[in-house]
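The values are calculated or read from the model by the stated rules, or taken from the named source; none is laboratory data. None of the values given here were measured: they were computed from a predicted structure. Methodologically, a virtual Cβ is constructed for each residue, glycine included, from the backbone with ideal geometry; neighbour enumeration extends over all protein chains shown. For accessibility, only protein heavy atoms count, side chains too; no ligands or nucleic acids. Shrake-Rupley method; radii C 1.70, N 1.55, O 1.52, S 1.80 Å.
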Amino acid sequence: GIQVEQSPPDLILQEGANSTLRCNFSDSVNNLQWFHQNPWGQLINLFYIPSGTKQNGRLSATTVATERYSLLYISSSQTTDSGVYFCAVLYQGGSEKLVFGKGTKLTVNP
Amino acid sequence: DSGVTQTPKHLITATGQRVTLRCSPRSGDLSVYWYQQSLDQGLQFLIQYYNGEERAKGNILERFSAQQFPDLHSELNLSSLELGDSALYFCASSVSGDTQYFGPGTRLTVL
């Protein structure tokens, strides 16, 4: 099956810093989603981005499908950005199940 | 708020017992997915229903079963519970093949 790798596994920032999270996948995908899991366990949709670039406030994401990776940018980080960020893919030729990476744990200190 | 609801939020039970987790999808979504998040396995797909029919199966144990009802809500039944079944169980819904929206999850603790 498809492999999804996220890096770095852990990231500690000071408030106001910028960061880039990476997601590599091993096969062609129909769908790629970024999620933020907050400290209460909720999975919040950030982006649906099988290709191209999208922006939402301080967050933006880029997926280069031909090179099999996606990047999530967080600018001017805030303590509320803390949590785990997951990338999940729905790969071509497979079922509609999302395959998740192991996540990047982000801690933003005041 | 994703529009997907799950009940209960927390469930504490004993080994050997049976529980039912309930999910109501977003209005208009025909697909419902169940995922399990555990510390050792991460987030894993269990099963998908589309308009009442099972469409895909993942790493779902034989002790687990699910169904989707005519009103499109879904239930996940977990039986003969073991300590290792303790996890966060998520339901998601979508218009088939599109963005999946996740509910708040049910945290199951098996003692």
- prompt: Among the residues of segment B:61-111, which ones are within 24 Å of residue A:35 (Cα to Cα), under 14 Å from the mean Cα position of the chain (by Cα) and without any contact (Cβ under 8 Å) to a residue 24 or more places away in the chain?
  reply: none
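Please work out if residue A:50 is within 14 Å of residue A:73 (Cα to Cα) and of a type outside the set (A, V, I, L, M, F, W, C). Before the answer, list the steps.
On the way: within 14 Å of residue A:73 (Cα to Cα): no; of a type outside the set (A, V, I, L, M, F, W, C): yes.
No.
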- prompt: Which fully enclosed strands (runs of 3 or more DSSP E) of segment A:1-70 have 3 or more residues being in contact with a strand residue (DSSP E or B) (Cβ under 6 Å, 6 or more places away or on another chain), without any contact (Cβ under 8 Å) to a residue 60 or more places away in the chain and hydrophobic (A, V, I, L, M, F, W, C)?
  reply: A:29-37, A:43-48
- prompt: For segment A:65-79, does any single residue satisfy the condition of being modelled with pLDDT of 95 or more and closer than 30 Å to residue B:10 by Cα?
  reply: yes
- prompt: Residue check, residue B:26 against (1) within 11 Å of another protein chain (Cβ to nearest Cβ); (2) within 26 Å of residue A:29 (Cα to Cα), all met but one. Which one?
  reply: (1)
- request: With respect to residue B:36, determine if the residue is open to solvent by 10 Å² or more (accessible area, probe 1.4 Å), within 14 Å of chain A (Cβ to nearest Cβ), under 10 Å from the mean Cα position of the chain (by Cα) and not small (Gly, Ala, Ser).
  value: yes
query: Say we look at segment B:68-94 and pick out the residues that are open to solvent by less than 10 Å² (accessible area, probe 1.4 Å), farther than 23 Å from residue B:111 by Cα and out of contact with any Pro (no Cβ under 8 Å at 6 or more places or on another chain); which of these is modelled with the lowest pLDDT?
result: B:94
statement: When segment A:1-19 is checked residue by residue, the ones that are surrounded by fewer than 18 Cβ atoms within 10 Å (Cβ to Cβ) and either aromatic (Phe, Trp, Tyr) or closer than 25 Å to residue B:44 by Cα (or both) are A:1, A:2, A:3, A:5, A:7, A:8, A:9, A:10
